Amino acid sequence: MESPFPPFDPGRPDAEDDKAPRRIPFRHIVPNLITILAICAGMTGIRLAFEGRFEFAVGMVLGAALLDGIDGRVARLLKGQSRFGAEMDSLADIVNFGVAPGLVLYAYMLHDAGSIGWIAALLYASASALRLARFNTMLDDPKRPKWQSAFFVGVPAPAGAALAMFPIYLSLSGLGTGLPEVTAVVASVYLVFIGLLMASRIPTWSGKGAGIRVRRDYAIPIMLAVVCYIAVLLSFFWATLTLTVLAYGVSIFFSVRAYRMRQAREAGRGMSGMSMTDDQAGSR
């Protein structure tokens, strides 16, 4: 009896003369399960926000970002990459980092701005979708230099989602203004600004292909610093998130500077190579 479900990997259908359907390793399914869990976390965050449980709603969106960072690495570790998984990951990102943060922020404070708050949420979601579509098209660009893999074009979607909820971090840290309408309008403008950062061409560090190496005597201090950050995060959650967002914002300026320096260095190498070629041709 033929199964009512399509094959998991539609790019490689079963042969017509096969007596039994082709089987795939379970490891190919694990990364997609993580992606589905991320979608569930983002959707649950929306539900919790409209139920008024904003702390848990923010935690769910941040949890979706964590799962998004894991699924690709798990796929590479288990050798379970597939075009199916890549497409589903992009669709999950639109829900988790385009729709969910905007709705959570709207339920928390943007509704006090009326239509302005809703328009801001729509613009943010649209910018996130445009950023993800551009990211997918750039993956297939064979002319992109390899060194540029160390940088994202624009703020990545998970980081954008974390940045978008910055007004919630401030409020839950006890730094509210006491003027809900004014705060909502300012938060609306801020949300649109984050959307523009995501859709922009500003280079930001990706953490991929950077080839970061540290001295052996720095390994223990780095590990202690990470443990210290996690301990502070668990003890002073909202204040630490606020400072983390500010630190990431500052890092964007340094990433732009590093990108331009690398671009100038690569351009200089290209000019040197061209001049050497011309000299060799002239000597002949």
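The values are calculated or read from the model by the stated rules, or taken from the named source; none is laboratory data. What you see is a predicted model, and the numbers here were worked out from it, not measured in a lab. When we count neighbours, we look across all protein chains shown, and the Cβ atoms used for this are built from the backbone with ideal geometry, even at glycine. With ligands, DNA and RNA removed, areas are computed over all heavy atoms of the protein, side chains included. Shrake-Rupley method; radii C 1.70, N 1.55, O 1.52, S 1.80 Å.
Atom-type composition of the exposed protein surface of the range 32-173 places 69 percent of the accessible area on carbon and sulfur (1.4 angstrom probe). Take the Cβ-Cβ distance between Arg265 and Leu37 as r, set R0 to 51 Å, and report the resulting FRET efficiency rounded to the nearest 0.05. Efficiency for this residue pair is about 0.75. Entry for the range 35-89 at q = 0.29 Å⁻¹: log10 I(q)/I(0) = -1.03, Debye formula applied to identical alpha-carbon scatterers, no solvent contribution.
Estimated at the nearest 10 Å², the accessible area of Met223 is 120 Å² with a 1.4 Å probe. Counting heavy atoms of the protein chains alone, Thr177 has an accessible area of about 100 Å² for a 1.4 Å probe. In terms of accessible area, using a 1.4 Å probe and ignoring ligands and nucleic acids, His28, His111 rank largest first as His111, His28. Please state the shape class of the range 187-248: rounded when a/c is under 1.5, otherwise prolate if a/b exceeds b/c and oblate if not, all from the C-alpha gyration tensor. Since a/c reaches 1.5 but b/c is at least a/b, the shape of the range 187-248 is classed as oblate. Counting only heavy atoms of the protein chains and using a 1.4 Å probe, Cys228 has close to 80 Å² of accessible surface. Ordered by 1.4 Å accessible area with all protein chains kept, Arg216, Arg131, Arg76 run largest first as Arg216, Arg76, Arg131. Put simply, the convex hull of the Cα atoms in the range 89-133 casts, on average, a shadow of 2.6 nm².
When Asp89, Asp217, Asp71 are compared by accessible area at a 1.4 angstrom probe, the order from most to least is Asp217, Asp89, Asp71.
With R₀ set to 41 Å, the beta-carbon distance separating Val189 from Phe26 gives a calculated FRET efficiency near 0.30. In units of the compact-protein estimate 2.2 N^0.38 Å, the range 78-161 shows a Cα radius of gyration of 1.31.
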